[in-house]
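The values are calculated or read from the model by the stated rules, or taken from the named source; none is laboratory data. Being a predicted model, the structure only gives us computed values, none of them experimental. A quick note on method: Cβ atoms are made from the backbone with ideal geometry, for glycine too, and the neighbour counts reach across all protein chains shown.
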């Protein structure tokens, strides 16, 4: 599915609501900057584009050196990420954690304003291998200790979670974390976030909830457009005018249920697809522009609106995404099948160089096919891969 925040639409939307404020904390949305494509401009041009959009923050899904260098001496607050496949090892080894921070934070701090460090991406999703879950919070503790020992104090450590961490979400007051996560993962995570005054980083996509039940969920309610339609929570009497608030408050109530009412939420991703597969109704440019425009209005309004359960609370956020990454689905699929398929193309891996999506994708597709062809593995990859009898390393591009 294409989840592109169209640049002209975003530019016109965000420029309307730019906030000139002397406060040190801004709720003006940041932008997610993914890199899985061969159609993307170089980092310096991308950073110039981001600053021209009046964004206040940028979220990376790694710690790309070229991008972090391009972000030097800008006013953009930066979020970087420890990859999922390093979580287990970092949780067991403080020296490895120290080295990761030394390699990926120290060379750029403080000229690059790294303010958030996410340990993994949606590790707690129901489709993720639960073998990583026990190591997530210990890895977060290791990274926090590394930052502190190296004298870096202003970086909030967390991890991004999808809405599927919830077992119950409607009405919002029934919000509860899944039983397989609640005690072993979510409670120690919330304890860590509360102690370090960090955020619960949450990915919120009303599109998915609406598209799963369009007959019972009004599209205008999902797009912040409902004027007369409201939903009342029978447990609290709180009145909801949009699906986003309803989803976020379900997480607030889930955190309350575990005894952590004071942990703040940071919207790590939100947006609306401008295009998709034939069966994905509602994924179009008009709806994407409407959602993004109304979301920006909501989070930049002063005084802060918050949500019905937390009125007046600031809600920092990242909008997804700066670019359509044309190789993202295929490369992500090839690397998500386990067996260490993509280990050699990770940073410091023996095949990491040359560091380009093209060469990484070529390696990943070949490695996947070698491992899984005997059990029915694909050889299509959305048209990006082809079988050949020639050694790809000998092909001149």
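Condition test on residue 216, is it more than 26 Å from residue 58 (Cα to Cα) and not in a strand (DSSP E or B)? For residue 216, the condition - more than 26 Å from residue 58 (Cα to Cα) and not in a strand (DSSP E or B) - is met. Would segment 145-153 turn up any residue that is assigned to a helix (DSSP H, G or I), over 21 Å from the mean Cα position of the chain (by Cα) and surrounded by 17 or more Cβ atoms within 10 Å (Cβ to Cβ)? Checked segment 145-153: at least one residue is assigned to a helix (DSSP H, G or I), over 21 Å from the mean Cα position of the chain (by Cα) and surrounded by 17 or more Cβ atoms within 10 Å (Cβ to Cβ).
Residue 301 falls short on exactly one of the conditions (1) without any contact (Cβ under 8 Å) to a residue 60 or more places away in the chain; (2) more than 21 Å from residue 57 (Cα to Cα), and that condition is (2).
Would it be correct to say that residue 14 is at pLDDT 85 or above, assigned by TED's automatic domain parsing to the domain that holds residue 285, within 18 Å of residue 320 (Cβ to Cβ) and crowded, with 16+ Cβ neighbours inside 10 Å?
Working: at pLDDT 85 or above: no; assigned by TED's automatic domain parsing to the domain that holds residue 285: yes; within 18 Å of residue 320 (Cβ to Cβ): yes; crowded, with 16+ Cβ neighbours inside 10 Å: yes.
So residue 14 fails the test.
Please tell me if residue 159 is assigned by TED's automatic domain parsing to the domain that holds residue 237, at pLDDT below 90 and surrounded by 21 or more Cβ atoms within 10 Å (Cβ to Cβ). No. The set of residues in segment 219-234 being over 17 Å from residue 295 (Cα atoms) and part of a loop (DSSP other than H, G, I, E, B) consists of 228, 229, 230, 233, 234.
So which residues in segment 196-207 are out of contact with any strand residue (DSSP E or B) (no Cβ under 7 Å at 6 or more places or on another chain) and crowded, with 16+ Cβ neighbours inside 10 Å, if there are any at all? Full working, then the answer.
First pass over segment 196-207, keeping only residues out of contact with any strand residue (DSSP E or B) (no Cβ under 7 Å at 6 or more places or on another chain): 197, 206-207.
Correct list: 206, 207.
Yes/no matrix, rows are residues, columns are (1) at pLDDT below 95; (2) out of contact with any helix residue (DSSP H, G or I) (no Cβ under 8 Å at 6 or more places or on another chain); (3) assigned to a helix (DSSP H, G or I):
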| position | (1), (2), (3) |
| --- | --- |
| 90 | no, no, yes |
| 123 | yes, no, no |
| 132 | yes, no, yes |
| 143 | no, no, yes |
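State all residues of segment 35-44 that are modelled with pLDDT under 75 and buried (at least 18 other Cβ atoms within 10 Å of the Cβ); if no residue qualifies, say none. Scanning segment 35-44 gives 35, 36, 40. The single residue among 208, 170 that is under 16 Å from residue 246 (Cβ atoms) and not in a helix (DSSP H, G or I) turns out to be 170.
Taking segment 52-66 only, how many residues are assigned to a helix (DSSP H, G or I) and within 19 Å of residue 268 (Cα to Cα)? So the answer is 0.
One line per residue, one yes/no per condition, for (1) buried (at least 20 other Cβ atoms within 10 Å of the Cβ); (2) at pLDDT below 90; (3) in the same structural domain as residue 123 (by TED's automatic domain parsing); (4) outside any helix (DSSP H, G or I):
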| residue | (1), (2), (3), (4) |
| --- | --- |
| 267 | yes, no, yes, yes |
| 272 | yes, yes, yes, yes |
| 282 | no, yes, yes, yes |
| 303 | no, yes, yes, yes |
| 313 | no, yes, yes, yes |
| 337 | no, yes, no, yes |
| 347 | no, yes, no, yes |
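When each of 231, 239, 263, 251 is tested for being at negative phi, assigned by TED's automatic domain parsing to the domain that holds residue 50 and surrounded by fewer than 17 Cβ atoms within 10 Å (Cβ to Cβ), the lone residue that passes is 239. Which of the residues spanning segment 103-114 are crowded, with 16+ Cβ neighbours inside 10 Å and closer than 13 Å to residue 154 by Cβ? If the condition is that a residue be crowded, with 16+ Cβ neighbours inside 10 Å and closer than 13 Å to residue 154 by Cβ, then 105, 109, 112, 113, 114 are the ones that fit. Screening the candidates 136, 117 for the property of being touching a helix residue (DSSP H, G or I) at 6+ places or on another chain (Cβ under 9 Å), within 22 Å of residue 318 (Cβ to Cβ) and not in a strand (DSSP E or B) yields one hit, 136. Report yes if some residue within segment 175-188 is closer than 21 Å to residue 308 by Cα, within 21 Å of the chain's Cα centre (by Cα) and buried (at least 19 other Cβ atoms within 10 Å of the Cβ); otherwise report no. The answer is yes; a qualifying residue exists. Among the residues making up segment 84-102, those that are over 14 Å from residue 141 (Cβ atoms), touching a residue at least 40 places away in the same chain (Cβ under 8 Å) and surrounded by fewer than 16 Cβ atoms within 10 Å (Cβ to Cβ) are 85, 102.
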